[in-house]
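*Asks:* Just passing along the structure, written as structure tokens.
The values are calculated or read from the model by the stated rules, or taken from the named source; none is laboratory data. Remember, it's a predicted structure, so these values are computed and weren't measured experimentally. Backbone-built Cβ (ideal geometry, glycine too); neighbour counts: all protein chains shown.
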Amino acid sequence: MTIRRVGVVGCGLMGSGIAEVCARAGYEVVVREVSRVLLDGGLARIDASLRRGVERGKIEEAAARRAREAIRGTITLADLAESDLVIEAVIEKMAEKQAVFRELDGLCPPGTIFASNTSSLSITELAAVTTRADRVVGMHFFNPVPVMTLVELVRGLQTSEETLEAARGLAVSVGKTVVVAKDYPGFIVNLLLVPYLLDAVRALELGVASKEDIDTAITLGLNHPMGPLTLLDFVGLDTTYYIAEAMYAEFRDARYAPPPLLKQMVLAGRLGRKSGRGFYEYGRS
């Protein structure tokens, strides 16, 4: 199928990035947030990202202007009804995502594809609340979306080949490299990444080393671009906590159980870069 209009549900860090890369690739984009304040914040994030792209020579000023003009913000989900493909990018909780899919199913024509940016939740379970399970697919982008080149496509139990190929075409057209995973908790990246991140929190919790030394050891000893605790701050401690909880619920494997320290930090509002403080402290922009 031909995709011209893309809807994005959520204009946070992930949703705004997805909207931006789609608009830069020439798609018409409608992005929806639940309030005008959140929407304005997300659109401002897109504006800032496009400005940085121009300043760094990644995009010409005229192209950035066209991309921004291709994005329309709304707080009304019904405004996404004419989209050829809708990408959901809301909080990593099954009930929240299912509520979005259920409502979209009643708004969009049968041919519209629904994609979820989930990083761990079952695509088959998300699709079950719709009347179009064959047209539901996982499209897991990585943060920051304009920079990271990977998209994990996830085939649910009933996802059709046509749907998978349409999602692949969109991902490739916005400059991403595609990998395909079956509908298995965590898919490829988080299946392997989450136990590593949780073990880093446990090491800190047990007093094995300071946070700085844990990060330095991994950065220099394994040649990683950043240490696990820095990465947790970047991803968001709440996001990692929700992913770990979902994976533990599926596996009942202690490797995926969130450590008490991670839960405490989330409850205390220490969510990482986005809140100004996680394992490290960050200046507010």
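*Asks:* Having 3 or more residues that are over 17 Å from F142 (Cα atoms), in contact (Cβ under 8 Å) with a residue 24 or more places away in the chain and touching a helix residue (DSSP H, G or I) at 6+ places or on another chain (Cβ under 9 Å) is the bar; report the helices (runs of 4 or more DSSP H) wholly within region 173-254 that clear it.
*Replies:* Details: elements: 189-205, 211-221, 228-235, 237-251.
Counting at least 3 such residues, we get 189-205, 237-251.
*Asks:* Please find, among L50, L43, the residue that is in contact with a strand residue (DSSP E or B) (Cβ under 8 Å, 6 or more places away or on another chain), part of a helix (DSSP H, G or I), crowded, with 18+ Cβ neighbours inside 10 Å and without any contact (Cβ under 8 Å) to a residue 40 or more places away in the chain.
*Replies:* Numbers: L50 fails: in contact with a strand residue (DSSP E or B) (Cβ under 8 Å, 6 or more places away or on another chain).
Testing whether each residue is in contact with a strand residue (DSSP E or B) (Cβ under 8 Å, 6 or more places away or on another chain), part of a helix (DSSP H, G or I), crowded, with 18+ Cβ neighbours inside 10 Å and without any contact (Cβ under 8 Å) to a residue 40 or more places away in the chain leaves just L43.
*Asks:* Assuming S119 fulfils every condition listed in (1) out of contact with any strand residue (DSSP E or B) (no Cβ under 7 Å at 6 or more places or on another chain); (2) more than 15 Å from V30 (Cα to Cα); (3) among the small types (G, A, S); (4) in contact (Cβ under 8 Å) with a residue 12 or more places away in the chain apart from one, which condition is it?
*Replies:* Against the list (1) out of contact with any strand residue (DSSP E or B) (no Cβ under 7 Å at 6 or more places or on another chain); (2) more than 15 Å from V30 (Cα to Cα); (3) among the small types (G, A, S); (4) in contact (Cβ under 8 Å) with a residue 12 or more places away in the chain, S119 comes up short only on (1).
*Asks:* Still on this structure, I have one more. (1) without any contact (Cβ under 8 Å) to a residue 60 or more places away in the chain; (2) within 15 Å of the chain's Cα centre (by Cα); (3) under 18 Å from K176 (Cβ atoms): which one isn't true of V29, the others all being true?
*Replies:* (2)
*Asks:* Search region 191-200 for residues being of a type in the set (A, V, I, L, M) and under 17 Å from S120 (Cβ atoms), and hand back the single one that is surrounded by the fewest Cβ atoms within 10 Å (Cβ to Cβ).
*Replies:* Keep residues of region 191-200 that are of a type in the set (A, V, I, L, M), which gives 191-194, 197-198, 200.
Add one more test, that the residue is under 17 Å from S120 (Cβ atoms), and what stays is 191-194, 197-198.
Numbers: L191: 16, L192: 10, L193: 17, V194: 23, L197: 21, L198: 24.
The qualifying residue surrounded by the fewest Cβ atoms within 10 Å (Cβ to Cβ) is L192.
*Asks:* Got a sec? Which of G278, G283 is over 21 Å from S120 (Cα atoms), among the small types (G, A, S) and surrounded by 14 or more Cβ atoms within 10 Å (Cβ to Cβ)? Talk me through it step by step, then tell me what you get.
*Replies:* On the way: G283 fails: surrounded by 14 or more Cβ atoms within 10 Å (Cβ to Cβ).
The match here is G278.
*Asks:* Continuing with this model, one more query. Can you name every residue in region 53-70 that is part of a loop (DSSP other than H, G, I, E, B) and either without any contact (Cβ under 8 Å) to a residue 12 or more places away in the chain or among the charged types (D, E, K, R) (or both)?
*Replies:* Going residue by residue through region 53-70, those that are part of a loop (DSSP other than H, G, I, E, B) are 56-60, 70.
Within region 53-70, R56, G57, K58, E60 meet the criteria.
*Asks:* Still on this structure, please answer the following. Kindly indicate the residue of region 263-275 that is assigned to a helix (DSSP H, G or I) and under 20 Å from the mean Cα position of the chain (by Cα) and also modelled with the highest pLDDT among those meeting that condition. Step through it out loud before you land on a result.
*Replies:* Let us first name the residues in region 263-275 that are assigned to a helix (DSSP H, G or I), namely 263-267, 273-275.
Checking the rest, the ones that are also under 20 Å from the mean Cα position of the chain (by Cα) come to 266, 273-275.
Working: V266: 97, R273: 92, K274: 90, S275: 93.
Result: V266.
*Asks:* Related question: Give the residue, chosen from L77, L107, that is in the same structural domain as V136 (by TED's automatic domain parsing) and within 30 Å of E245 (Cα to Cα). Working first, answer last.
*Replies:* On the way: L107 fails: within 30 Å of E245 (Cα to Cα).
Exactly one of L77, L107 is in the same structural domain as V136 (by TED's automatic domain parsing) and within 30 Å of E245 (Cα to Cα), namely L77.
*Asks:* Which condition does G111 not pass, out of (1) free of Cβ contacts under 8 Å to residues at least 60 places away in the same chain; (2) among the small types (G, A, S); (3) touching a Lys or Arg at 6+ places or on another chain (Cβ under 9 Å), if it passes all the others?
*Replies:* (1)
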